[in-house]
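Notes to accompany the following structure.
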Amino acid sequence: MLKIIDLHASVEDKAILKGINLEINAGEVHAIMGPNGSGKSTLASVIAGKEDYEVTQGDILFEDESINELAPEERAHKGVFLSFQYPTEIPGVSVTNFMKTAINETRKARKLGDMPANEMLKMIREKSEMLEIDRKFLSRSLNEGFSGGEKKRNEIFQLAMLEPKLAILDETDSGLDIDALRIVASGVNKIKSKDNAVIIITHYQRLLDYIIPDFVHVMFEGRIVKSGGKELALELEEKGYDWIREEVNA
Amino acid sequence: MELKEKLIASFMAFENLVDIDSPVHDVRSEAIKEFETKGFPSRRDEAWKYTSLNSILKHDYSVFPKSESHIDYNDIKKYFIHDIDTYKIVFIDGKYSSHLSETTHDGVDICLMSSALSKPKYRPIIENYFNKVAAKDGLTSLNTAFSQEGAYIHIPKNKSVAKPIQIIHFSTGNEAALMLQPRNLIVVDENSHVQIVERHQSLTENPVLTNSVTEIFADKRAIVDYYKIQNDNENASLIDSTFINQKQESCATVHTFSFGGKLTRNNLNFYQNGERIDSTLKGATIIGNRQHVDHNTLVHHIEPNCESHQDYKGIFDDHATGVFNGKVLVNREAQKTNAFQANNNILIGDKASINTKPQLEIFADDVKCSHGCTIGQLDESAMFYMRSRGIPEKEAKALLMYAFSNNVLSSVKIPEIKQRITNIIAKKLGVNIGFDL
Ligand SMILES: Nc1ncnc2c1ncn2[C@@H]1O[C@H](COP(=O)(O)OP(=O)(O)OP(=O)(O)O)[C@@H](O)[C@H]1O
Ligand SMILES: [Mg+2]
């Protein structure tokens, strides 16, 4: 589904991604771990099409087509979704209206008509119940004044509404309390299928206890320096990154 | 001949055309002298530093329309708030159009200035109120000199007018270039309530210059709710001078929506003559190309325990330019005044600009006054966030701009007006999305 080939990206001439290779197939869950500042969020943003980053080398293929030149919305229409590490506050736009606009614009791009209002309401009701989101939230301005955990839960609500093929969850677990973590994880598990894929960026094992990864990658100074199975995450949790650093420097 | 000379020369002919015996004959004669002395403002005047009238004064305007024009309602229906029942006072090229209007004398007077000026039964009101709050600057004096037609609204005490009143001026382009001088008088007596919508609409590409003056008197506990919808085509310019005199416990709100026009200048003046008065001024400006919108406001706090709220939002694209000059004057006697002013702007076009200048002159010591102005760009991280959820750039931009100006819309009390403004904004921004925020 996603194939990243020797990807280099920089911001203001500062190289951040320095040759990433990654292949993700439908039905798989990949975890990306790595120390602060290693480039995990940058990778997520580059996949989603953030224009601040310049791809200087390499390519990103989504379903065998390069998406390097596509606008963020075009990638979204193809089925790429990024759950932000720091979701942006958008004063004056309610969660519901934002969702309606996002869904109908996506449908428009796929040559479908607007989703009928009652169907939309039903879907909003189902997905917000699944994530135990209070109805009050839906009429509030998007992310404005939301607590850290509320923002993250709202991101997963949007994921559930948009049903993308590839979901990138950037530190969705940070800020969530124990109950919320369980709710969000079970939400993601319900959405997961053999036709879609998930990338989980995280620092901790706890989310991976609920959403079990098929592969774990370690990112270090803009490269993926180690990949393994789910046990790699446990090893990192136990030992930290020093041994990785030593391996890389050796 | 320069426009000024042409206007002065036309005055005699104008006075002969209208009624010389009118009680306002002397007022007009005084006013033309005033205009002769002061003329049009120039950028040397502090209040006009950022707005030049040169480009709009150069046309050879007809000062009176030569012929009467007829327009079919169906062709202009879209400019009316037509989905609710309203009173309508409609003018075509400055002349009253009875077939498009719906006036009344049933307990209230909602009719036209020309008849109020000529009929004896209106004389007491005209003598007490006409030209009593309007300023004596050049442009206002010019309007006063040529004042003949416009809306005349008198709401006697304890009356709540059942439906909103629309005042609409159309220009047809039958004249190569037309200058209009509409004059409105609105007198709202004690405990009464009125809602008014005003619009100026040119129907062709010929240049139109409207120099409009409105006087509003809100007596004790009166409520006046006024909406100005400015979405004219880009060959039409508007200078609007509105003067509001408020008595104790009255509440007056003016919303100004400026989306169209070549040059728009709004002089909005509130005078608080009484205690516990509330004055609210709200404005949303969304313009592009080479459009220019200038808001020049004054709130004069004369007596204690009053409030004023000003909230102006502006979005400027392309080469558009904006001016906000907000003056709050608090007299020494006006203790316990609460005066708030905010002017927030977003510049989208690289060549767009805004000049914003709050002016607070406070002579009382026990007051709460605040003002703030900001000039920013569209929030890039919000743009990426929205686009990453599938909302295309243009729509994301539109949604952010709409959200930005939503504060101004949220206090609109007539849902159909809110809907209309929303549609205008969507059209202006070239998107087809629901803004039901
Ligand atoms: N827009 C930017 N301008 C300048 N530097 C940037 C920008 N974006 C990222 N960086 C730098 O790139 C590096 C990688 O940042 P990134 O946010 O991708 O790290 P991360 O792995 O997600 O870290 P964390 O675990 O703390 O979230 C950091 O040194 C960061 O300061
Ligand atoms: Mg990060």
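Computed values, structure above
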{"item": "Max mean-square fluctuation residue, GNM over chain A, Cα-Cα springs under 10 Å, options A:75, A:125, A:110", "result": "A:110"}
{"item": "Positive dipole terminus of the protein assembly as shown, leading residue within B:415, A:86, B:382 (C-beta point charges)", "result": "B:415"}
{"item": "10 Å Cβ neighbours from other chains, averaged over peptide A:95-102", "result": "5"}
{"item": "Test item: B:406-415 mean partner chain Cβ contacts at 10 Å", "result": "1"}
{"item": "Which of A:193, A:216, A:158, positive extreme of dipole for segment A:142-250 (C-beta unit charges)", "result": "A:193"}
{"item": "Ordering of A:169-181, B:21-33 by burial proxy (mean other Cβ atoms within 10 Å per residue, highest first)", "result": "A:169-181, B:21-33"}
{"item": "Dipole-positive endmost among A:243, A:45, B:252 within the protein assembly as shown (Cβ charges, Cα centre)", "result": "B:252"}
{"item": "Antiparallel bridge percentage (DSSP; both residues within segment B:3-429; nearest 5)", "result": "5"}
{"item": "FRET E, pair residue B:419, residue B:318, Förster distance 35 Å, beta-carbon r, rounded to 0.05", "result": "0.85"}
{"item": "Kirkwood Rh in Å, taken over segment A:102-195 so that all alpha-carbon pairs contribute", "result": "14.2"}
{"item": "Residue A:144 versus residue B:375: modelled label distance in nm, points set 7 Å from Cα along the beta carbon direction", "result": "2.5"}
{"item": "Cβ neighbours within 10 Å from other chains - mean over A:142-149", "result": "1"}
{"item": "For segment B:374-437, alpha-carbon Rg over 2.2 N^0.38 Å", "result": "1.16"}
{"item": "Amide H partners (placed H, <5 Å) of residue B:345, local residues excluded", "result": "B:314, B:374, B:375, B:376"}
{"item": "Dipole magnitude (debye, nearest 20) for the protein assembly as shown, charges at Cβ of Lys, Arg, Asp, Glu", "result": "1160"}
{"item": "Distribution of pairwise C-alpha distances over chain B, 20 Å bins, in %", "result": "26, 60, 14, 0"}
{"item": "Ranked packing of A:234-247, B:154-167, most packed first, by mean Cβ within 10 Å", "result": "B:154-167, A:234-247"}
{"item": "Highest-fluctuation residue, A:78, A:122, A:230 considered, GNM on chain A with Cα pairs under 10 Å", "result": "A:122"}
{"item": "Of B:6/B:121; B:313/B:428; B:228/B:262, pairs whose Cα-Cα distance is over 26 Å", "result": "B:6/B:121"}
{"item": "Separation in nanometres of the label points that stand 7 Å from Cα toward Cβ, at residue A:135 and residue A:63", "result": "3.6"}
{"item": "About the Cα centre, charge dipole magnitude for segment B:1-117 (Lys/Arg +1, Asp/Glu -1 at Cβ), debye", "result": "660"}
{"item": "In Hz, Karplus ³J(HN,Hα) per residue of segment A:75-84 (6.51, -1.76, 1.60; θ = phi - 60°; x = Gly, Pro)", "result": "5, 4, 5, 7, x, 9, 9, 10, 8, 6"}
{"item": "Within straight-line cross-link reach of residue B:357, aspartates and glutamates at Cα separation under 17 Å, skipping those fewer than 8 residues along the same chain", "result": "B:45, B:46, B:294, B:311"}
{"item": "Among A:57, A:85, A:205, residue whose mean-square fluctuation peaks in a GNM of chain A (springs only between Cα atoms under 10 Å)", "result": "A:57"}
{"item": "Highest average packing first - A:153-163, B:343-353, B:137-147, Cβ atoms within 10 Å", "result": "B:137-147, A:153-163, B:343-353"}
{"item": "Quarter of the Cα convex hull surface for the protein assembly as shown, i.e. its orientation-mean projected area (nm²)", "result": "35.1"}
{"item": "Equivalent ellipsoid, segment B:81-202 (semi-axes from 5 times Cα gyration tensor eigenvalues, Å)", "result": "23, 20, 12"}
{"item": "Sequence-distant aspartates and glutamates (8 or more away, or on other chains) whose Cα lies within less than 15 Å of residue B:119", "result": "B:19, B:21, B:109, B:127, B:149"}
{"item": "Amide H within-cut-off set for residue B:166, under 5 Å, with H built and near neighbours excluded", "result": "B:87, B:88, B:89, B:197"}
{"item": "Pairwise FRET efficiency - residue B:12 versus residue B:121, Cβ, R0 = 25 Å, nearest 0.05", "result": "0.30"}
{"item": "log10 of Debye I(q)/I(0), alpha-carbon scatterers only, for chain A at 0.09, 0.10, 0.16, 0.18 Å⁻¹", "result": "-0.39, -0.48, -1.25, -1.53"}
{"item": "Derived scalar couplings ³J(HN,Hα) [segment B:314-323; Karplus, 6.51 cos²θ - 1.76 cosθ + 1.60; whole Hz; x for Gly, Pro]", "result": "x, 10, 10, 10, 6, 9, 4, 10, x, 9"}
{"item": "Helix-only CD estimate at 222 nm, as mean residue ellipticity for chain B, using -39500 (n - 2.57) per DSSP H run (n ≥ 4)", "result": "-6500 deg cm²/dmol"}
{"item": "For residue B:362, residues with placed amide H under 5 Å, excluding near neighbours", "result": "B:330"}
{"item": "Residue-wise HN-Hα coupling along segment A:30-38, computed from phi with Karplus coefficients 6.51, -1.76, 1.60 (Hz; x: Gly, Pro)", "result": "10, 9, 10, 10, x, x, 4, x, 7"}
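Values quoted throughout were computed directly from the atomic coordinates according to the rules given, and no laboratory measurement underlies them. In this text the structure is predicted, and so the values were computed from the model without any measurement. With ideal geometry, Cβ positions are generated from the backbone for all residues, glycine too; neighbour counts draw on all protein chains shown.
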